[in-house]
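In what follows, a single structure is set out as C-alpha cells and then discussed.
The values are calculated or read from the model by the stated rules, or taken from the named source; none is laboratory data. Predicted, not measured: the structure shown is a model, and the values here were computed from it. Positions of Cβ are generated from backbone atoms using ideal geometry, with glycine treated the same way; all protein chains shown enter the neighbour counts.
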Amino acid sequence: MFHVPAVNQVIKAGLEFHSPITFLVGENGSGKSTIVEALAEAYGLDAYGGRAGRKFVNDRPQTPLGEIMRLYYTPTGAKLSASRRKRKGYFLRAETAFGFMSFVSGMPGYWEEDITKMSHGEGFLTVLNTMFSKPGLYLMDEPEAALSFSSCLRLIAIIHRLVNIGGQVICATHSPVLTAIPGAEILELGSHGIHQVEWKELSLVDHWRRYLSDPSFYLQPLLEEDPQ
Ligand SMILES: Nc1ncnc2c1ncn2[C@@H]1O[C@H](COP(=O)(O)OP(=O)(O)O)[C@@H](O)[C@H]1O
Ligand SMILES: [Mg+2]
C-alpha cells in the first residue's frame, strides 16, 4: 500500500493537522482508511475500532503504516497523551463498528444501552454520544455510512461539543454534510498525494450539487440501452 500516492506522501513528508477537526476525502482506494487506521494504531486505539487502551476484539498485527508512524503532539496533546493508559479517544470504523459495538455493549467504560436493539444509525449515535466525551483523539472512517441526513447533523453537534472541550477529530468521509463544518480542515487524497481544499471546491460537493439539480445528467449515460 506504500505505492498509494497519499500514503507515500505521509511516509516521505509526514502530515500536519492544523485544526481540531480534519476530514480526509478522496476516491475509493485513495488511502483514507490506511491513514486513519495507522493513526489509530500509533495512538493506541484498536485498529478494528474501539477506545484507547483496550483490545477486546482484535489481536491482529499492526498495519505496515501503523508500525512506522510516529505522532508529534502539541504541548496540550502531549500532556493528554503522556500515559498510554490514560489516553482518551475512540475509533469508529463503519465497516466493523456494529459487531464490535454489540460485543462491548454494557461493559464497563462503554455505554449501557443494548445497541443490538437499535437500528444501525441509532446505535452509532448512541456510541458516539457516549464515547466522544473527553479530550483526546477521535477517529472515524465513513461514519455517514449508517446515518440519515438528520443523524449526520446530530453527529456534527456531537463533534462540535467534543472539540469545545479540547478533543481532536480526524474523519475519513464522502459526506458533503459533515465536511461543511466551519473551521474544519479538509485534506483531499488523490493521484497528486494530499492537499488542502475548501469545502466549496471539493469535487464530491460539486458532484452532489450537480446530481441533485439534474440527476439525468449522470443517469442517462448509465441507463442508455446498449446498441445491439
Ligand atoms: N491489506 C492491504 N494489503 C495491501 N494493499 C492494501 C491493503 N489495504 C489497502 N491496500 C491498498 O491501499 C489502497 C488504499 O486503500 P484504502 O486506504 O482502504 O482506501 P480508501 O479508504 O481511501 O478507500 C488500496 O487501493 C490498495 O491498493
Ligand atoms: Mg476506506
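A few notes on this one:
Residue by residue, here is whether (1) surrounded by 20 or more Cβ atoms within 10 Å (Cβ to Cβ); (2) more than 12 Å from ligand 1 (Cβ to nearest atom); (3) under 21 Å from His3 (Cβ atoms); (4) modelled with pLDDT under 90 holds:
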position: Asn28; (1), (2), (3), (4): no, no, yes, no
position: Gly31; (1), (2), (3), (4): yes, no, yes, no
position: Thr34; (1), (2), (3), (4): yes, no, yes, no
position: Leu45; (1), (2), (3), (4): yes, yes, no, yes
position: Arg54; (1), (2), (3), (4): no, yes, no, yes
position: Pro64; (1), (2), (3), (4): no, no, yes, no
position: Met69; (1), (2), (3), (4): yes, yes, yes, no
position: Ser83; (1), (2), (3), (4): no, yes, no, yes
position: Arg87; (1), (2), (3), (4): no, yes, no, yes
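- Scope region 109-119; condition closer than 15 Å to Tyr90 by Cα and surrounded by fewer than 16 Cβ atoms within 10 Å (Cβ to Cβ); matching residues: Gly109
- Residue list for region 1-46, filter: over 13 Å from Glu188 (Cα atoms), touching a residue at least 12 places away in the same chain (Cβ under 8 Å), more than 16 Å from ligand 2 (Cβ to nearest atom) and part of a helix (DSSP H, G or I): Asn8, Ile11, Ala42, Tyr43
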